[in-house]
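What follows draws every value from the coordinates through simple rules; no lab data is involved. Bear in mind the structure is a predicted one, so any value in this text is a computation, not a measurement. Neighbour counts run over all protein chains shown; Cβ positions are idealised from the backbone, glycine included.
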Amino acid sequence: MSDPQRASDELTAALNRLGRLMASRQIPARVAEVAGVETSQQGVQILRSLALRGEQPIAALARDAGMDISAVSRQLRVLEADRLARRRSSRSDARVVLIAATVAGRRVAERVDDVLTRHLDDALAGWSAAERRQLGSLLGRLVHDLRATEFRPGDHDRSTR
């Protein structure tokens, strides 16, 4: 196996492991437990988006949280019942519903963010500042390039049709 092929295989394997880690339902549950939060993973996503970006229309919130509008609507009912989020009509267009985190909702988002930040800091404790910057830069570049690159079939894909 050539060095470029080996490097590509190792990168693919590492990205697969990272993807499984990030998709694990155990991680958000553990983060919520450590943060002392009794809100669903989706509820936390919504609150973190609202804390970061502020009040926003439900469609923008769904886009930002990576959820569909119906899922956001269901989660909002729970968050409102728990007094973590509120909705109101826009002053400039009454047809638009704006969603905001309450003070308690922002506190939940802050507690989760604190746990995540400490965890990342602890995991990267042995990394230099330059290595951390390089990792961030390379991951950002990778995400950009993966989004911008079209999938294309290989020779073996054509022969199986």
What is the extension gain from Asp155 to Leu138, computed as 0.36 nm multiplied by their sequence separation minus the C-alpha to C-alpha distance, in nm to one decimal? 3.1 nm
Note down the net charge around Leu84, summing +1 for each Lys or Arg and -1 for each Asp or Glu among other residues with Cβ under 11 Å from its Cβ. +1
Burial order of peptide ranges 119-126, 68-75 (average beta-carbon count within 10 Å, highest first): 68-75, 119-126
For the chain, using Cα atoms only, the Rg and Dmax in Å read 20.3, 64
Extend 7 Å from the Cα of Ser8 along its Cα-to-C-beta direction; within the range 122-153, residues with backbone N under 20 Å of that point are 139, 141-153
For q = 0.11, 0.15, 0.21, 0.23 Å⁻¹, what log10 I(q)/I(0) does the range 9-102 give under the Debye formula with an equal point scatterer on each alpha carbon and no solvent? -0.39, -0.64, -1.02, -1.15
So what is Rg over Rh here for the range 99-138, counting just Cα atoms and using Kirkwood for Rh? 1.20
q = 0.14, 0.17, 0.26 Å⁻¹: log10 I(q)/I(0) that the Debye formula gives for the range 70-159, counting C-alpha atoms only: -0.87, -0.91, -1.20
If each part is reduced to its alpha-carbon centroid, the range 27-42 and the range 88-161 end up apart, in Å, by 18 Å
Karplus (6.51, -1.76, 1.60) ³J(HN,Hα), θ = phi - 60°, over the range 34-40, in Hz, Gly and Pro reported as x: 5, 6, x, 10, 10, 10, 4
What nm distance separates the two modelled labels at Val34 and Arg86, each placed 7 Å from Cα along Cα→Cβ? 3.3 nm
